[in-house]
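Participant: Would you mind keeping the following structure in view while I ask a few things?
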Amino acid sequence: MKPYPYTIENGGGERLTFCGVVSGGKDGTRLEAENRAEPGAGPVMHVHRLQEEAMVVKVGKIGYQLLGQEPRYAGEGETVIFAPGVAHRWWNAGTTELWCTGWAKPPLNTEYFLTVLFESMKQNRGQRPGLFDLAFLLTRYRSEFGLSAIPTIVQRIVFPVVILVGSALGKYRKFKDAPQPVKP
């Protein structure tokens with residue numbers, strides 16, 4: 001990865017600055033970041049299977065939702081923490097830019113995964129990531145990350161076919177140095 005800090009953008013109104021990996025002593029190692037999102041911007045329902053994700057609202061209003069629950073909101077100075085394995089989504093629920101600081105603990109492959117995902121989205125004008133990229137990421141790193149918005153049958157049956165086709169077409173050469181997935 002690049003030297004810290006550095007910023008990635010997804011073309012859909014979200015910018016993420018990776019600030020660095022910090023050893024937190026008894027709290028463990030975490031990847032610290034800053035996130036800025038335009039009104040309405042934010043990821044779809046997803047899960048970090050092995051990590052805690054936290055966001056501290058510095059400016060604006062964040063909306064967030066756990067799978068199967070009603071939306072909630074947090075304002076400036078409030079912290080939202082998503083436990084490992086809990087599907088969630090968040091979005092800018094205000095009318096101005098949302099600015100949060102936060103972390104993923106432990107870092108695992110978060111930085112790589114999000115960098116590739118954001119770049120793929122940016123190449124698709126801020127919409128969904130490209131199918132070949134998404135199939136690769138969600139298959140290779142399924143022990144760490146998941147997107148609840150994509151049915152399991154698609155991820156388990158369709159994505160392997162997409163990966164076969166993508167491999168035949170040379171779509172995955174760019175992933176030759178991808179880090180190994182973490183095994184739980």
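Participant: Within segment 67-88, work out how many residues are farther than 17 Å from Cys100 by Cβ and either under 15 Å from the mean Cα position of the chain (by Cα) or basic (Lys, Arg) (or both).
Facilitator: 5
Participant: Among the residues of segment 26-36, is there at least one that is under 18 Å from Phe118 (Cα atoms) and small (Gly, Ala, Ser)?
Facilitator: yes
Participant: I'd like the full set of residues that are surrounded by 20 or more Cβ atoms within 10 Å (Cβ to Cβ) and farther than 20 Å from Glu111 by Cβ, limited to segment 133-165.
Facilitator: Listed by number, the residues that qualify are Ala135, Phe159.
Participant: When you go through (1) at pLDDT below 95; (2) of a type outside the set (Lys, Arg); (3) assigned to a loop (DSSP other than H, G, I, E, B) one by one for Ala41, which number turns out not to apply?
Facilitator: Here Ala41 clears every test but (1).
Participant: Of a type in the set (S, T, N, Q), closer than 18 Å to His48 by Cα and surrounded by fewer than 16 Cβ atoms within 10 Å (Cβ to Cβ): does that describe Gln69?
Facilitator: When the stated conditions are applied, Gln69 passes them.
Participant: Taking Thr17 and the conditions (1) part of a strand (DSSP E or B); (2) in contact (Cβ under 8 Å) with a residue 60 or more places away in the chain, which numbered condition does it fall short on, given that it satisfies the others?
Facilitator: Failing condition for Thr17: (2).
Participant: Which one is surrounded by the fewest Cβ atoms within 10 Å (Cβ to Cβ), of the residues in segment 24-65 that are in contact with a Cys (Cβ under 7 Å, 6 or more places away or on another chain) and in contact (Cβ under 8 Å) with a residue 60 or more places away in the chain?
Facilitator: Once the filter is applied, the top-ranked residue is Glu34.
The values are calculated or read from the model by the stated rules, or taken from the named source; none is laboratory data. All figures in this text were calculated on a predicted structure; none of them were measured in a lab. Here Cβ is always computed from backbone atoms with ideal geometry, including for glycine, and neighbour counts include all displayed protein chains.
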